[in-house]
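Structure, as structure tokens:
Each value in this text was obtained by applying a stated rule to the coordinates, not by laboratory testing. Values in this document were obtained by computation on a predicted structure and should not be read as measured data. Neighbour counts run over all protein chains shown; Cβ positions are idealised from the backbone, glycine included.
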Amino acid sequence: MRTQVGIVGAGPAGLLLSHLLHLSGIDSVVIDLRSRETIEATIRAGVLEQGTVKLLTEIGAGARLHREGFVHRGFEIRFGGAGHRIDLHGLTGHSIVVYPQHEVLKDLIQVRLETGGDVRFGVRDVAVHDIAGPRPRIAFTEADGVARVLDCDWIAGCDGFHGICRPAIPEAERTEFHRIYPFCWFGILCEAPPSSDELIYAAHERGFALISTRSPTVQRMYFQCAPDERAADWSEDRIWAELQARVAVDGMRLHEGRIFQRGVIAMRSFVCEPLRHGRLLLAGDAAHVVPPTGAKGLNLAAADVFVLARALAAQYAAGDSTLIDNYSATALRRVWRAQHFSWWMTSMLHRFDGATAFDRRRQLAELDLMTGTPDGAKLLAENYAGLPFG
Ligand code: FAD
Ligand code: DHB
């Protein structure tokens, strides 16, 4: 088998890249370990930046997102017993859309298959070979057991944090930057009406909480928990008591309802540099991970592949390698800005064990500065709504 760009991973990065390349007349094959059903059912991100929405719309994958997604023109930061609205639209001219990642994936898979895309689910034994030379290869076994070798011009490693592409780069040729946070998020989906028109990020003495939404009847909520917490150990009453306590303000209670999905989510910051080794190009979570507080992970994956597709298109159309040679540096600049924002939101909003009374007062002063001054709020809003792509 042969293709121009072999793409490992059918997450947001891999599928979006494949379609962007198709629109530039470049062939690709996408392979993924997981089945289409699993990919389309895994609950993850919820917030799309305006740049991601624009890109999905331009490539023809935005119709359902515009019909079913919720446009939010602001969000709330809650601390000290009061809410503080960040007027995203007023401060930046942009909004965000709450539309779950698995719905984005359904739309991308559909558009890719409708346009003749080659996406192979449920493969196994994936390995990349000769990535430093001009003819890299991907070896894998099809879902039906047939062993394949895919010859490529380029390999895109879009296989997430636990994938095989990044480790295929010799250790001496990459540098990895890590931060593990001393807490996790406990995430739930519940059957209830929305408790708020906009997302609420709450910084409480008991720890962080986030109130998001999915539909008029399903809500998504998270709260900071210990790293060794087991989701199954919590009764529904205990979960609601914790959420109610953390978002409490005068006269406001969350609407409660049956909790039908729960899980504990690790919090890490991670970057691997550079994003290219020979003919292997990394994008999305394969190359970097952010803690979810800034809602940046999926959006960063989209921004990476926007830059990467443009670079590959210039290479194929005009033999111009300038953009592909600059891919890593161009993408990493935005990656590090998002890393900073995600770390900053995380440190501003969470409770850190061992924090002193001074640390807590300082944290409240920072929240006051960012929500209570026009310059602070604008900086927060610009980063949350999302930096330009490219
Ligand atoms: P992934 O989505 O991880 O996709 C990688 C794919 O590669 C997977 O389908 C996997 O099966 C496949 N794969 C792995 N190994 C192999 C292999 N060896 N061979 C073939 N295929 C392989 N981001 C936001 O922007 N906004 C949010 O609000 C947000 N909230 C989040 C909430 C939670 C609870 C979590 C967990 C994450 C959240 N994120 C958010 C982050 C976001 O989900 C990720 O950043 C995003 O999925 C990254 O996309 P990706 O395509 O790079 O990687
Ligand atoms: C959601 C997830 C996030 O990480 C975030 O910052 C905002 C919303 C969500 O799942 O809706």
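Along the charge dipole of the chain, Cβ charges K/R +1 and D/E -1, which of VAL104, TRP344, PRO292 sits furthest on the positive end? Among VAL104, TRP344, PRO292, the one farthest towards the positive end of the dipole of the chain is TRP344.
Annotation: amide H of ALA132 within the under-5 Å range of ARG279, sequence separation 5 or more or interchain, hydrogens built in the peptide plane. Of the residues LEU364, THR330, MET252, the one whose Cα sits farthest towards the positive end of the charge dipole of the chain is LEU364 (charges of +1 on Lys and Arg Cβ, -1 on Asp and Glu Cβ, taken about the Cα centre). The alpha carbon convex hull volume per residue for the stretch 1-81 rounds to 146 Å³. Here the relative contact order of the chain, from alpha carbon pairs under 8 Å that lie six or more residues apart, stands at 21 percent. Its Cα centre serving as origin, the chain has a Cβ charge dipole (Lys and Arg +1, Asp and Glu -1) of approximately 240 debye.
Converting phi to 3J(HN,Hα) with the Karplus coefficients 6.51, -1.76 and 1.60 and the offset θ = phi - 60°, the stretch 235-251 yields 6, 4, 4, 5, 4, 5, 4, 5, 5, 4, 5, 7, 9, 4, 9, 3, x Hz in sequence order, with x at every glycine or proline. The modelled label-to-label distance between ALA232 and MET252, using points 7 Å beyond Cα along the C-beta direction, is 3.6 nm. Taken about its Cα centre, the stretch 211-317 carries a charge dipole of about 420 debye when Lys and Arg each add +1 at the Cβ and Asp and Glu each add -1 at the Cβ.
With Cα atoms as the point set, the radius of gyration and Dmax of the stretch 95-244 evaluate to 21.4, 59 Å. Judged by the gyration tensor of its Cα atoms, with axes a ≥ b ≥ c, the stretch 258-388 is prolate; a/c meets the 1.5 cut and a/b is the larger of a/b and b/c. Within the stretch 1-136, DSSP assigns beta bridges of which about 60% are antiparallel (rounded to the nearest 5).
Multiplying the residue separation of HIS162 and LYS54 by 0.36 nm and subtracting their alpha-carbon distance yields 36.0 nm. With both residues required to sit in the chain, DSSP beta bridges show an antiparallel share near 75%.
Residues in the stretch 385-390 carry Karplus couplings, in order, of 5, x, 6, x, 7, x Hz; the curve used is 6.51 cos²θ - 1.76 cosθ + 1.60 with θ = phi - 60°, and Gly or Pro positions show x. Here the stretch 145-279 is treated with +1 on each Lys and Arg Cβ and -1 on each Asp and Glu Cβ, and its dipole about the Cα centre works out to around 160 debye.
When Rg and the Kirkwood Rh are both derived from Cα coordinates, the Rg/Rh ratio for the chain amounts to 0.98. In sequence order, the stretch 47-62 has phi-based couplings of 10, 9, 5, 4, x, 5, 4, 4, 5, 4, 5, 4, 8, x, 10, x Hz under the Karplus curve 6.51 cos²θ - 1.76 cosθ + 1.60, θ = phi - 60°, and Gly or Pro positions carry x. With bins 10 Å wide beginning at 0, the percent of Cα pairs of the stretch 108-192 falling in each bin runs 12, 32, 29, 21, 6, 0.
Listed by chain and number, the lysines whose C-alpha is less than 18 Å from the C-alpha of LYS54, apart from same-chain residues fewer than 8 away, are LYS106, LYS296. Label reach from GLN110 (point 7 Å along Cα→C-beta): in the stretch 55-72, amide nitrogens under 18 Å belong to 55-70.
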